[in-house]
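First up is the structure itself, then whatever we jot down about it.
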Amino acid sequence: MRYDMLGFRHLPARMFRYKGLLLIIFALCALSFYFGRYLHNHDEPNTLQAEKSPGDRPALPAKLANEPQDLPQVREQVMSRGRPRPLTSQPAVNHFVSALNKTWMTWTDINSPGVYRACVPRPRDSVSMSEVVTGGLVEKSSMMTITHCLNSCIALGFTYAALSRGAECFCTDVKGESALLSYKDSALCDIPCGGEPRYHCGGRDYMSLYRTSVPDSRCSRIKLKPKGSMPLIALASYPRSGNTWTRQLIERGTGFLTGSVHWKHEKEMAISSKIFPGGNIDYQTRQTVCVKSHLSDTAHIKTFEGAILLIRNPYSALVAEIFRRLMLDQEKSAEETVKYFDSPEWRHFAENQAQSWRNMAVQWITNSHRILVSHYENLQENTYEELAKIVRFLDVPVQTQRILCAIQEYPSSKATGVSLGNHGRKTRVYLTKDPFPPDVRKLVDENIKQVNTTLIEYKLNPLPRDYSVDVF
């Protein structure tokens, strides 16, 4: 008997319709099985899609759950859905900063709905939870993602989102001396997010805290003054000395935009208009509360009515500047950048830039009409007191809540160092030995002594510490 290529016997023509019907029935059964599995995996009322686009409106908050799921249950649910295993078995998102592997690196996108702040202790009972987490538990899902939790809290108007135990989303406002400002090591937030296991959503007794894009009304209003209405005050520093961070603090602490003498260059930078809109206009219009400057020639200094001079440990500033130039400007790899510190070029750079660091400080100290010196290390250690001094120098009334809000919006790396890994700065991670040869270190120390001598001579605050100590 003859068979065709599919293995069917040759049948009379009237039988072909039965063979076609059989194939249709088989296809329908297969589709039914597939959609049955799909619906089964999506029948939970709190289940979310793994990702939502930032423009999608989050689902309405689910009914509050009574008791959080245990860690084994969360992990069992993650595995049962065919998700990858926890982050420890996944390639690191940023293998140079291990403490940040478990968090969502939101600052890589200036349009992100939020930014990671810290790993914080989870309140241990329902009473303390209700006191600390003002919005409570808004959703619990085995498919929780950071983006979904952020969008849910944004829709409800909260300034912070907190994720815990891989499946829980809390919303809250954080003001004053909240327990949520007690930052801990990010490694303690070690439970993968149910809907996106490559990131972590808190721990058994800890919460991953995120700042949402909802404005904090205490310091969100920042304005540009009318033309010619502001004195010309410089915010001067050697590069990589905290100028950007200080500008952010000043804007939030005063309510006025800051400018830049480098405004023509900053105007071409997309991120500048997002972060510092005052830096996109001609600073000589006198519309901003102070003006960033990395210049140090006498004629330039004399154009200002006063100056705030930021001084940072040159050992830290020089290394940070090399990483910026090579990795950001020249797009070198971490390995290539580390090797640079063994080259003659690095020695030449360190010798020349140590003198530039000294000249920047001495020039502004000796030529400014009036000056306030702010040491970067002091600003990190005592941010409130130092920022209040700066605000007073700028002749702006000090408002306690506005200053506190500014510090919460832009915490120092001293406050978040354990949690954020020093804001993700990579120098201390990459370098395993002192990059300064003894003779170069001697030259740097001589420049440090000259700056300190000048500070004392002009009755200004001397350097806050022995800058010759090992910093690597």
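For this structure, a couple of remarks:
- Taking the criterion of being more than 7 Å from Leu310 (Cα to Cα), part of a helix (DSSP H, G or I) and in contact with a Gly (Cβ under 7 Å, 6 or more places away or on another chain), the only residue of segment 370-384 that qualifies is Leu379.
- Residue within segment 349-366 that is outside any helix (DSSP H, G or I), in contact with a helix residue (DSSP H, G or I) (Cβ under 9 Å, 6 or more places away or on another chain), modelled with pLDDT of 90 or more and over 28 Å from Tyr410 (Cα atoms) present: no
- Here segment 402-445 is the region considered, the condition is being assigned to a loop (DSSP other than H, G, I, E, B) and at pLDDT 80 or above, and the residue that is farthest from Gly253 (Cα to Cα) is Pro437.
- One residue stands out in segment 255-312 among those that are β-branched (Val, Ile, Thr) and farther than 20 Å from Val373 by Cβ: the one that is surrounded by the fewest Cβ atoms within 10 Å (Cβ to Cβ), namely Ile271.
- Some residue of segment 332-348 being closer than 29 Å to His300 by Cα and more than 23 Å from the chain's Cα centre (by Cα): yes
- Condition broken by Val214, with the remaining ones in (1) touching a strand residue (DSSP E or B) at 6+ places or on another chain (Cβ under 9 Å); (2) assigned to a strand (DSSP E or B) satisfied: (2)
- For segment 188-209, the condition holds for no residue, the condition being that it is out of contact with any helix residue (DSSP H, G or I) (no Cβ under 7 Å at 6 or more places or on another chain), under 23 Å from Ile403 (Cβ atoms) and touching a residue at least 12 places away in the same chain (Cβ under 8 Å).
- The single residue among Leu295, Leu257, Leu249 that is among the hydrophobic types (A, V, I, L, M, F, W, C), more than 19 Å from the chain's Cα centre (by Cα) and within 18 Å of Ser220 (Cβ to Cβ) turns out to be Leu257.
- Within segment 161-194, being among the acidic types (Asp, Glu), farther than 18 Å from Ser142 by Cβ and in contact with a strand residue (DSSP E or B) (Cβ under 7 Å, 6 or more places away or on another chain) holds for Asp173, Asp185.
- Long-range neighbours under 6 Å by Cβ, at least six apart or interchain, first residue farther than 25 Å from Lys302 by Cα within segment 264-291, second acidic (Asp, Glu): Ser272/Glu266
- Every residue from segment 386-401 that is in a helix (DSSP H, G or I) and at pLDDT 95 or above: Glu386, Leu387, Ala388, Lys389, Ile390, Val391, Arg392, Phe393
- With respect to the conditions (1) over 19 Å from Arg124 (Cα atoms); (2) crowded, with 24+ Cβ neighbours inside 10 Å; (3) within 19 Å of the chain's Cα centre (by Cα), Gly195 falls short on a single one, namely (3).
- Only a single criterion out of (1) modelled with pLDDT of 95 or more; (2) in contact with a Pro (Cβ under 9 Å, 6 or more places away or on another chain) is not satisfied by Glu381, namely (1).
- Extreme residue, surrounded by the fewest Cβ atoms within 10 Å (Cβ to Cβ), among residues of segment 136-151 that are within 20 Å of the chain's Cα centre (by Cα) and not hydrophobic (A, V, I, L, M, F, W, C): Thr145
- Residues of segment 339-398 classified as farther than 23 Å from Pro435 by Cβ and small (Gly, Ala, Ser), total: 3
- Here the condition is being under 18 Å from Leu295 (Cα atoms), in contact with a Lys or Arg (Cβ under 8 Å, 6 or more places away or on another chain) and surrounded by 14 or more Cβ atoms within 10 Å (Cβ to Cβ); of Arg240, Arg218, Arg252, it holds for Arg240 alone.
- Near pairs, Cβ below 7 angstrom, 6+ apart or cross-chain, from segment 390-405 (over 15 Å from Thr258 (Cβ atoms)) to any residue that is of a type in the set (Phe, Trp, Tyr) and in a helix (DSSP H, G or I): Ile403/Tyr384
- The set of residues in segment 161-179 being surrounded by fewer than 24 Cβ atoms within 10 Å (Cβ to Cβ), under 19 Å from the mean Cα position of the chain (by Cα) and among the aliphatic types (A, V, I, L, M) consists of Val174 alone.
The values are calculated or read from the model by the stated rules, or taken from the named source; none is laboratory data. All figures in this text were calculated on a predicted structure; none of them were measured in a lab. Methodologically, a virtual Cβ is constructed for each residue, glycine included, from the backbone with ideal geometry; neighbour enumeration extends over all protein chains shown.
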